[in-house]
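The values are calculated or read from the model by the stated rules, or taken from the named source; none is laboratory data. Please read all numbers here as calculations on a predicted model, not as lab measurements. Note that each Cβ is placed from the backbone with ideal geometry, even for glycine, and that neighbours are counted across all protein chains shown. The accessibility values were calculated without ligands, DNA or RNA, using every heavy atom of the protein model including side chains. Shrake-Rupley method; radii C 1.70, N 1.55, O 1.52, S 1.80 Å.
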Amino acid sequence: MCGFVGYTDLKNEREASRPLLAEMTKRLVHRGPDSDGYFVEGATGLGFRRLSIIDLVSGDQPINNEDGSLVLLCNGEIYNYRELRNTLQQKGHVFSTNSDVEVLLHLYEDEGVDFLNKINGQFAFVIYDRKQKTLFLARDHFGIVPLFYAVMDGTFIFGSEIKALLQHPAIDREVDLTGLDQVFSFPGLVSPRTMFKGIESVPNGHYVLVKNGNV
């Protein structure tokens, strides 16, 4: 299953806290009991909990590209990764793992966000571009894998489950009454609405780009 969490200060003024990130990531241990991993640089922090399925030995996350300029966290599975991997290797890309999700990094290197049209799978992921200082998050076409985010107190906060986001001090724990009404009226919540005001679910087949302080 796996799970990830992260946040960044949109004004790039406050540094990310490793202890806070660890506390947020701890709330996802049931999704990934096998290992954890972290990336903290300046105002941005990422945390991951892994359930090992493909590439048990070298598939821990975060995963970097060849020059370390991109950082990936992914919860899910890329079904056509072998075909994509072969094509990328023929172009000269060098892989550091046998994980299915590493293809996302190298596709992004070549095509930017447009590579989403090439992948088949169930996934939620974030790619942090260290050179451009951007975060790129995406959710699969049918919304099989969850992905949530919030913008509060000048901070962009995201993760696989709301309970991880709630550990961040910037999050207001306030019930969204429309979301509550949806729970009683419909089979479930209608994305992007959630039970918490200010916390949104990334809609199926959508991506979020955080760049230059804008979401």
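Key figures for this structure:
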{"item": "Accessible area per residue in Å² at 1.4 Å probe, computed on the chain", "result": "48"}
{"item": "With every protein chain in place, segment 110-215: carbon and sulfur % of accessible area (1.4 Å)", "result": "51"}
{"item": "Trypsin sites (Lys or Arg not before Pro) restricted to DSSP loop in segment 37-94 with at most 16 other C-beta within 10 Å", "result": "91"}
{"item": "Accessible-area order (highest first, 1.4 angstrom probe) of the listed residues 168, 206", "result": "206, 168"}
{"item": "Accessible surface of segment 1-82, 1.4 Å probe, proportion on carbon and sulfur as whole %", "result": "50"}
{"item": "Read-out volume of the Cα convex hull per residue in Å³, derived from the coordinates shown; its label in (1) 140; (2) 114; (3) 173", "result": "(2)"}
{"item": "13 Å Cα cut-off, lysine pairs counted over the chain (separation 8 or more, or different chains)", "result": "5"}
{"item": "The chain: calculated mean residue ellipticity at 222 nm from DSSP helix runs of at least 4, using -39500 (n - 2.57)", "result": "-5000 deg cm²/dmol"}
{"item": "Student exercise, the chain dipole from Lys, Arg, Asp, Glu Cβ charges, in Debye to nearest 20", "result": "240"}
